[in-house]
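Novice: To start, I am sharing the structure in question, which I have written as structure tokens.
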Amino acid sequence: MGRPVMLGNGSLTVGLNESGLVHDFYYPYVGLDNLTTARSMDHKVGVWVDNTFSWVDGESWEIQVDFERDALVSLVVATNKQLNVTLEFSDFVDHELNAFCRRITVKNLADHERTIRLFMHQVFQISRGGRGDTALFVPDDHYILDYKGRCSLLIYGQTANGQQFDQFSVGNYGIEDKLGTYKDAEDGELTGNAVEHGGVDSVIRFSLELAGKEESKLDYWIVAADSQYTAEKVHNKILSDGVQARLEETRHNWYEWLDIARDELQSMSENERTLVKKSLMVIRAHTDKRGGIIASCDSSIYNYGRDYYSYVWPRDGAYAMWPLIRLGYQEEPKKFFEFCRDILTTDGYLMHKYQPDRAIARLKHLAFYQAARIKDVLFRQLVNIEKRFVKEQPGKHFLVMHGLRDVIDGREASAGAKARATELRELDVPNARELARRIGEVDEASAHASHGRYIEFTWAHGLPERLLQQILRAVQSCGGVFDLERDRTH
């Protein structure tokens, strides 16, 4: 199922589940690699008070999970009436630092003073086989480091008055019949084991003395980097600025990004504006800063199927970019088109789907050398995007895939289908490869086609005659692009 909250900055992406716990943790690409063990274990949060321990995903907790309407910042409230404790989380991925930060408010709902201990559990799987990772406590700077090769994860936390986590433990998870170090927390104390390798997890503890009805805040963060040295630089930056300052700066960044669409949203009701803003932020969270647009960063499907959906489908990417372009966004669409330029085959085709690092993704039905059909992108989406943009900004255009051809995949191309008539139409559209090379000059490119090109339309594979007529009508009237309102195909 989909994650209730996806947080990200185009490089680090974090998914929270229905209990507000970290379920997916992608770095250094959106959708690649997932560094959690999400198939079997979330990053748990536990509370010990009055000699009673409870994990937040237990049945005694009432949990609300949402995110702000004007910023990709979580709104998580977890209440346990039996323990008389409420936890409130404001979670975010820093807009410029690869750091996942949690500002946690701990509330004592009882009338008397109590000691409340909060336990934060981390379980990463940097090595794909679940072996070979190392987790250790770094005493000089008082943090946990989880690393393997060129990936380092730095875990730290402190209370509002600067008190660092007071206990820790590192151990094995998922190997040699070991359940995990999180079990060490359930008596309210941690043993302090400092290092382990293989399949590993870790827990840190915070102790708060709270008067009746009192509350207190603490800050927790995970930095993702390519080395311990780089992670420490980011860590020290957060220590210097403070999590609250980083939160406000990240909020402001989201406000500015959403402001691009402000004029287009003015005519909507308040409820509609909220839905559109949240939808835009979800799209942005799934958009890698290098152009790839991930179908889904939810790894839950991996529990029931053979693979996940953390791939880039060019067709689906066009669907996602279409509303952004109509609302005035330019940076994300241009990055996406650059991505498509780089993955074009020498014949001007796109394959079925890709990883966000531009590598070809696994294919369910098609042979590796065969290009997947892309008519939905070519004729129903990008041409509409082009027409709208040309209308609003004459003399400019974004279209880079206008000349791609529809092809038949081997799975569906039966002998009978191949025998059916295939028509050729000469359409006045730009050459895909020529435009692709000029992506860096896209703002100066002419809005009109420069020469004709043959496009193959295959009747037997879902391109209806009425759509052909619409294409030809549009070509004759506007030089090779659709009229968005008149020729929209449903």
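Novice: Would you be able to say whether some residue in region 240-251 is surrounded by 16 or more Cβ atoms within 10 Å (Cβ to Cβ) and not in a helix (DSSP H, G or I)?
Specialist: no
Novice: Then there is this: Looking only at region 287-294, decide whether some residue is in contact with an Asp or Glu (Cβ under 6 Å, 6 or more places away or on another chain), in contact (Cβ under 8 Å) with a residue 24 or more places away in the chain and on the phi > 0 side of the Ramachandran plot. Talk me through it step by step, then tell me what you get.
Specialist: Initially, region 287-294 is screened for residues in contact with an Asp or Glu (Cβ under 6 Å, 6 or more places away or on another chain), giving 287, 291.
Then drop every residue that is not in contact (Cβ under 8 Å) with a residue 24 or more places away in the chain, which leaves 287, 291.
Those left that are additionally on the phi > 0 side of the Ramachandran plot: 291.
Yes, some residue in region 287-294 is in contact with an Asp or Glu (Cβ under 6 Å, 6 or more places away or on another chain), in contact (Cβ under 8 Å) with a residue 24 or more places away in the chain and on the phi > 0 side of the Ramachandran plot.
Novice: Going by the conditions given, is D288 touching a strand residue (DSSP E or B) at 6+ places or on another chain (Cβ under 8 Å), among the acidic types (D, E) and modelled with pLDDT under 95?
Specialist: In short, no.
Novice: Go through (1) more than 30 Å from the chain's Cα centre (by Cα); (2) free of Cβ contacts under 8 Å to residues at least 40 places away in the same chain and name the single condition V170 misses.
Specialist: Evaluating V170 over (1) more than 30 Å from the chain's Cα centre (by Cα); (2) free of Cβ contacts under 8 Å to residues at least 40 places away in the same chain leaves (1) as the failure.
Novice: Suppose the filter is in the same structural domain as R251 (by TED's automatic domain parsing), in a strand (DSSP E or B) and surrounded by 23 or more Cβ atoms within 10 Å (Cβ to Cβ); does D24 pass it?
Specialist: yes
Novice: List, please: which pairs have Cβ atoms under 8 Å, are six or more places apart or on different chains, and start with a residue in region 50-66 that is at positive phi and end with one that is in a loop (DSSP other than H, G, I, E, B) and surrounded by 14 or more Cβ atoms within 10 Å (Cβ to Cβ)?
Specialist: D50/L83; N51/G188
Novice: Sticking with this structure for a sec: Give the residues of region 244-276 that are modelled with pLDDT under 95 and charged (D, E, K, R), sorted by residue number.
Specialist: Listed by number, the residues that qualify are R262, D263, E264, E270, E272, R273.
Novice: Another one. Just to be sure, is R306 modelled with pLDDT of 90 or more and assigned to a loop (DSSP other than H, G, I, E, B)?
Specialist: Spelling it out, it is not the case that R306 is modelled with pLDDT of 90 or more and assigned to a loop (DSSP other than H, G, I, E, B).
Novice: Can you name the residue in region 136-167 that is farther than 22 Å from I104 by Cβ and surrounded by 14 or more Cβ atoms within 10 Å (Cβ to Cβ) and, of all such residues, is farthest from the chain's Cα centre (by Cα)?
Specialist: V138
Novice: Same structure, new question: I'm checking my understanding of the structure. Among residues of region 80-108 that are touching a helix residue (DSSP H, G or I) at 6+ places or on another chain (Cβ under 6 Å) and surrounded by fewer than 23 Cβ atoms within 10 Å (Cβ to Cβ), which one is farthest from D70 (Cα to Cα)?
Specialist: Here the residue is R103.
Novice: Wholly within region 118-182, which strands (runs of 3 or more DSSP E) include no fewer than the required count, namely at least 3 residues that are assigned by TED's automatic domain parsing to the domain that holds A225 and under 18 Å from G46 (Cβ atoms)?
Specialist: 151-159, 167-172
Novice: So which residues in region 140-161 are closer than 24 Å to K217 by Cα, at pLDDT 95 or above and not charged (D, E, K, R), if there are any at all?
Specialist: Within region 140-161, H142, Y143, I144, L145, L153, L154, I155, Y156, G157, Q158, T159 qualify.
Novice: Separate question: Among the basic types (K, R), touching a residue at least 24 places away in the same chain (Cβ under 8 Å) and in a strand (DSSP E or B): is that true of R69 in this structure?
Specialist: no
Novice: If you check R117, R103, which single one turns out to be within 30 Å of V30 (Cβ to Cβ), modelled with pLDDT of 95 or more, touching a Lys or Arg at 6+ places or on another chain (Cβ under 7 Å) and basic (K, R)?
Specialist: On the way: R117 fails: within 30 Å of V30 (Cβ to Cβ).
Just one listed residue meets the conditions, R103.
The values are calculated or read from the model by the stated rules, or taken from the named source; none is laboratory data. Remember, predicted model here, so these are calculated numbers, not experimental data. All Cβ positions, even for glycine, are placed from backbone atoms using ideal geometry, and neighbour counts span all protein chains on display.
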